[in-house]
Amino acid sequence: MKTTMRDTFLATVLEEMQASPDVVLLSADFGAPAIDAIRAEFSDRFVNVGIAEQNLINLATGFALEGFRVIGYAIAPFITMRCFEQIRVSLAILSQLRPMNVTLVGVGAGFSYDVSGPTHHCIEDLAVMSALPNLSVYSLSDHTQAPLFAKHCLAKPGIKYLRFDAKPHEPVCDAGNDGLIERGFRVLNAGRDLAIVSTGYMSHVAWSLLPELRAEGIDPLLIDLVAYNCVDTAALEAELAHVPRTLLLQEAVLDRSIENTLRRMAGGKLEAMGVGDRYIFEIGSRDQIHDAAGIGRAQVLDRILQHHAALA
Amino acid sequence: MNARAEFHDPATRAHLLADKARWVREQTLAIHRRAPETRVASSLSAVELLTVLYYSGIARITPDEPLHAERDRIIISKGHGSICMYPILADCGYFPMAALETVCKPGSFLGGIPDPIIPGYETINGSLGHGLGVGSGTALALRTKGKAQRTFVLLGDGELNEGAVWEALMFAAHHQLKNLIAMVDCNGRQMLGYTDSVVNLNPLDAKFAAFGWQTHTVEDGHDVAQLLAGFEALLASDSPKPKVLIANTLKGKGVASLENAPLAHVMGVGRAEIDAILGDGAAP
């Protein structure tokens, strides 16, 4: 059946709100038919903050600090990039010190608001949100996944971003979602000629290409990646170990970092050192902060020597 | 007995609070002498405001258990200018006084800009403009839970340049967050000069009022009696509106080289001047 991610997600949120008094939903003046039922039943736990995404994030922080499990809901480019500073400071940084449970839901992945133009096309969110420590990014491919992630995100402490398509779709296929929460991806077709790792709507595209690929004698491994920056890397690596080549498909800008560029050039011979996936609160000199971050002078020397020894 | 109890007698507390504020100012300067990288001018303007808030009983604090559910939430949104919080928190019992010797030293938990590693700090505010929104969230959350605790948020006047503050102002008024009390340290200067020459905020009281807030302006934000009266007037009110105490203060209060310097925000104070103010030139 064609339906939207937000409708199946919000139906589950309504059930969770009925079961638990600590779930609140904040919307930046953005609705859905399923929201009408929530705001009718929970006038005290549904708050329309107005067209004010920056304030939405800070309000979500305040609610979360008081022990509420918070869902922030708005159009995808606005709930990620309009308020990126608030997400960084009040959620990503603060949550490292004070426990919070906040799930941001952005509707309008990629080009799903097709005719609305570049302000509504959301193609940078995966890159910018993935850059933040302490924040898990999930890019869903169909509405059957949304209820699973509603429950998962409400149960999982921390800060999460759920990326939803705006349009109603059929499920990608009948592969089911077994193991999806645990591994962060699912296998849509277990071929071995090449791998296609796709996320969001591009998983629909990849699946739709299957007949044509088979007609060309190609049986691909199709992987639907959901846990975009927090996938079970060992499990994914094991899947990809049997295929000679992998194609990544995403309705978003590709990673333009120099690390990615060098990794491509170096062909598996790159050693990269950078700041770890956490903020540094230790007080000290720049050198001491480098040590805490894992890029201290002695650490760099050790890594070089290890690398050199491994190559020798 | 915690550090505030002696300040509750109405007959003596204004005098005692003024003495305490003097001590806080001296300690703030002593910290700056040991850690010149701290921002001192904007810390000195809020000394009396924060002293009254913490010592007079206006705010309910729980130093033995900093995140106790019964505490009032205090958010120091002007993160840069709050080194004066260190002696206040230590004196109130949030952490040992000896920690004041370690500000900005390796391994210390007291940095140049406070963060919630420090007992008594609720949020992180090195980036300006977030505190009132977060405070609106805690205030609404507390009300939703039926809790009586209040949220106090200290803002700088320069910080009011940030648009997110005004989103929160509108929201708090719309939702009648009477348990939210903003305090504006109106010291008149920001990094590159006087606030009224950068983006003029005046008339600030009228702006808050027009946004639906109950206001009280303290003409001399260094007069503890005026501050006490202002807080008491606001907190005694039955109005459903959120409240704001606008305190007219002097940036760099107590340090002659800062008091009239347009760029005081980024200026330090030399050791000789602090020695002369504290009268303890031989101190380390």
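The values are calculated or read from the model by the stated rules, or taken from the named source; none is laboratory data. Being a predicted model, the structure only gives us computed values, none of them experimental. Here Cβ is always computed from backbone atoms with ideal geometry, including for glycine, and neighbour counts include all displayed protein chains.
Below is a table of values for the structure above.
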{"quantity": "Some residue of segment B:249-256 being small (Gly, Ala, Ser) and in contact (Cβ under 8 Å) with a residue 60 or more places away in the chain", "calculated": "yes"}
{"quantity": "Selection within segment B:186-232 - of a type in the set (S, T, N, Q) and not in a helix (DSSP H, G or I)", "calculated": "B:187, B:190, B:200, B:202, B:214, B:215, B:217"}
{"quantity": "Selection count, segment A:82-101, where residues are of a type in the set (A, V, I, L, M) and at the interface with chain B (Cβ under 8 Å from one of its Cβ atoms)", "calculated": "4"}
{"quantity": "Cβ-Cβ under 7 Å pairs, at least 6 apart or on other chains, segment B:269-280 side of a type outside the set (Phe, Trp, Tyr), far side loosely packed, with under 13 Cβ neighbours inside 10 Å and part of a helix (DSSP H, G or I)", "calculated": "none"}
{"quantity": "Scope segment B:49-66; condition under 18 Å from residue B:81 (Cβ atoms) and out of contact with any Lys or Arg (no Cβ under 8 Å at 6 or more places or on another chain); matching residues", "calculated": "B:49, B:50, B:52, B:53"}
{"quantity": "Selected residue [more than 14 Å from chain B (Cβ to nearest Cβ) and touching a helix residue (DSSP H, G or I) at 6+ places or on another chain (Cβ under 8 Å)] from A:249, A:301, A:305, A:210", "calculated": "A:249"}
{"quantity": "Condition check for residue B:142: within 13 Å of chain A (Cβ to nearest Cβ), hydrophobic (A, V, I, L, M, F, W, C) and closer than 30 Å to residue A:42 by Cα", "calculated": "yes"}
{"quantity": "Within segment B:101-125, tally of residues that are within 23 Å of residue B:70 (Cα to Cα), of a type in the set (Ser, Thr, Tyr) and more than 8 Å from chain A (Cβ to nearest Cβ)", "calculated": "1"}
{"quantity": "Criterion: hydrophobic (A, V, I, L, M, F, W, C) and under 19 Å from residue B:158 (Cβ atoms) - qualifying residue of B:17, B:50, B:29", "calculated": "B:50"}
{"quantity": "Qualifying positions in segment A:1-49 - closer than 15 Å to residue A:72 by Cα, in a strand (DSSP E or B) and not aromatic (Phe, Trp, Tyr)", "calculated": "A:23, A:24, A:25, A:26, A:27, A:47, A:48"}
{"quantity": "Options B:163, B:212, B:135, B:188: the member that is within 21 Å of residue B:251 (Cβ to Cβ), of a type in the set (Gly, Ala, Ser) and in contact (Cβ under 8 Å) with a residue 24 or more places away in the chain", "calculated": "B:188"}
{"quantity": "Among (1) out of contact with any His (no Cβ under 9 Å at 6 or more places or on another chain); (2) closer than 19 Å to residue B:61 by Cα; (3) not small (Gly, Ala, Ser) - the single one residue B:124 does not satisfy", "calculated": "(1)"}
{"quantity": "Any hit, segment A:146-157, residues being part of a loop (DSSP other than H, G, I, E, B), surrounded by fewer than 21 Cβ atoms within 10 Å (Cβ to Cβ) and away from every other protein chain (no Cβ under 14 Å)", "calculated": "yes"}
{"quantity": "Criterion: at pLDDT 95 or above, in a helix (DSSP H, G or I), touching a helix residue (DSSP H, G or I) at 6+ places or on another chain (Cβ under 8 Å) and closer than 25 Å to residue A:51 by Cα - qualifying residue of B:138, B:123", "calculated": "B:138"}
{"quantity": "Per-region count, segment A:24-44, residues within 12 Å of chain B (Cβ to nearest Cβ), under 19 Å from residue A:154 (Cβ atoms) and surrounded by 20 or more Cβ atoms within 10 Å (Cβ to Cβ)", "calculated": "2"}
{"quantity": "Criterion: free of Cβ contacts under 8 Å to residues at least 24 places away in the same chain and surrounded by 16 or more Cβ atoms within 10 Å (Cβ to Cβ) - qualifying residue of A:213, A:188", "calculated": "A:213"}
{"quantity": "Check on residue A:105, under 22 Å from the mean Cα position of the chain (by Cα), in the same structural domain as residue A:149 (by TED's automatic domain parsing) and either buried (at least 24 other Cβ atoms within 10 Å of the Cβ) or modelled with pLDDT under 95 (or both)", "calculated": "yes"}
{"quantity": "Whichever residue in segment A:58-81 is within 18 Å of the chain's Cα centre (by Cα), in a helix (DSSP H, G or I) and not small (Gly, Ala, Ser) and, among such residues, is farthest from the other protein chains (Cβ to nearest Cβ)", "calculated": "A:77"}
{"quantity": "Extreme residue, farthest from residue A:292 (Cα to Cα), among residues of segment A:226-276 that are modelled with pLDDT of 90 or more and among the acidic types (Asp, Glu)", "calculated": "A:251"}
{"quantity": "Residue within segment B:151-158 that is within 7 Å of chain A (Cβ to nearest Cβ) and part of a helix (DSSP H, G or I) present", "calculated": "no"}
{"quantity": "Neighbours by Cβ (under 9 Å, 6+ apart or cross-chain): first from segment B:217-244, of a type in the set (Phe, Trp, Tyr); second part of a helix (DSSP H, G or I)", "calculated": "B:231/B:52; B:231/B:53"}
